[in-house]
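Asker: My questions all concern the structure below.
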Amino acid sequence: MLSNYIDLEKGILENYTENVIRRASDMLNFYQDNEALEKMIKNGNPTIYEVYAVTHEGGGELSYAITILHPGKVGNEYFMTKGHYHEKRDRGELYIGLKGNGLLLMQKGEEIRWIEMERGKIVYVPPYFAHRSINTGNGNFVFLAIYPGDAGHDYGSIAEKGFAKIVIEENGNYAVKDNPRWK
Ligand SMILES: O=P(O)(O)OC[C@H]1O[C@](O)(CO)[C@@H](O)[C@@H]1O
Ligand SMILES: [Fe+2]
């Protein structure tokens, strides 16, 4: 696809080849407070985030995706993406904030970093870093991500152990805390 159009207000791509909707029920075991998550699933199973992507498979090609993270919390933990390593670990990713406020959490082995995201902020996710986006704002957090077509998504170890840090709301602001479940 040689050209496309992003509705910057709604954060929707005019054309996309892949679309993923992640509801509360898709996030089992990703949050600290599973009881709060189970309750949320029973009370309407809301959408946590949506991904609209244009993918090009070949190495050397680029894919891009708009992710719309809805505002909300599970217990005191903000809505977030699952997070992943790239199957090809040496593929990086570029994030451009389009709307709202969030945090980009990145981890390589024991090294963990987090960077605030907002409209116009460009953040580079270096190769070998797992990455997760968190909506710390009151409205949708929307960002564009550009990544190699052959990067792939490896959810395995993140689904199993999470990241070393969790992001919760504390006194009306976000706080980055040690993940008690991180071994
Ligand atoms: O794949 P996850 O971890 O659920 O994150 C959602 C999306 O965020 C991105 O990293 C950037 O849009 C996509 O590659 C990914 O599908
Ligand atoms: Fe990625």
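Asker: Can you list the residues, at least 5 places off or on another chain, whose amide H is less than 5 Å from the amide H of Arg23, using H built in the peptide plane?
Answerer: Close amide H contacts, sequence-distant or interchain: Ile48.
Asker: Sticking with this structure for a sec: Give a quick list of trypsin sites (Lys or Arg not before Pro) in segment 4-84 that DSSP marks as loop, anything other than H, G, I, E or B, with at most 13 other Cβ atoms within 10 Å.
Answerer: Passing sites in segment 4-84 are Lys10.
Asker: Further question on the same structure: Between Ile41 and Lys183, what length in nm is gained on full extension when 0.36 nm per residue of separation is reduced by their alpha carbon distance?
Answerer: 48.4 nm
Asker: OK, next. Can you list the aspartates and glutamates whose alpha carbon sits under 13 Å from that of Lys108, skipping same-chain ones fewer than 8 residues off?
Answerer: Asp90
Asker: Report the FRET efficiency, 1/(1 + (r/R0)^6), for Asn34 and Asn171, where r is their Cβ-Cβ distance and R0 is 25 Å, rounded to 0.05. Mind dumping the intermediate values first?
Answerer: Working: r = 24 Å, r/R0 = 0.98.
With a Förster radius of 25 Å, E is 0.55.
Asker: Determine the alpha carbon to alpha carbon distance for each of Lys39/Lys183; Lys121/Lys161; Lys73/Lys177 and list only those over 23 Å.
Answerer: Lys39/Lys183; Lys121/Lys161
Asker: Out of segment 80-122, which GluC sites (Glu not before Pro) are coil in DSSP terms and have no more than 16 other C-beta atoms within 10 Å? Show your work: numbers first, answer last.
Answerer: Working: sites: Glu87, Glu93, Glu110, Glu111, Glu116, Glu118; in loops: Glu87, Glu110, Glu118.
Taking segment 80-122 and a limit of 16 other Cβ atoms within 10 Å, the loop GluC sites (Glu not before Pro) found are Glu87, Glu110, Glu118.
Asker: Restricting attention to segment 83-183, which chymotrypsin sites (Phe, Trp or Tyr not before Pro) occupy a DSSP loop and are surrounded by at most 16 other Cβ atoms within 10 Å? Walk me through the numbers before you get to the answer.
Answerer: Details: sites: Tyr85, Tyr95, Trp114, Tyr124, Tyr128, Phe129, Phe141, Phe143, Tyr155, Phe163, Tyr174, Trp182; in loops: Tyr128, Phe129, Tyr155, Phe163, Trp182.
For chymotrypsin sites (Phe, Trp or Tyr not before Pro) across segment 83-183 that sit outside H, G, I, E and B with at most 16 neighbouring Cβ atoms in 10 Å, the list reads Tyr128, Tyr155, Trp182.
Asker: Which one of Asn76, Val54, Asn138 has its Cα pushed farthest toward the positive end of the charge dipole of the chain, where Lys and Arg give +1 and Asp and Glu give -1 at the Cβ?
Answerer: After comparing all options, I get Asn76.
Asker: Which of the aspartates and glutamates could a cross-linker span from Lys165 if the Cα-Cα distance has to be under 16 Å and same-chain partners fewer than 8 positions apart are dropped?
Answerer: Partners within reach: Asp33, Glu77, Glu110, Glu111, Glu116, Asp178.
All of the numbers you see were taken from the coordinates with simple rules; none came from a lab. Just so it is clear, the model here is predicted, and its values are computed rather than measured. Every residue, glycine among them, receives a Cβ derived from its backbone with ideal geometry; neighbour counts consider all protein chains shown.
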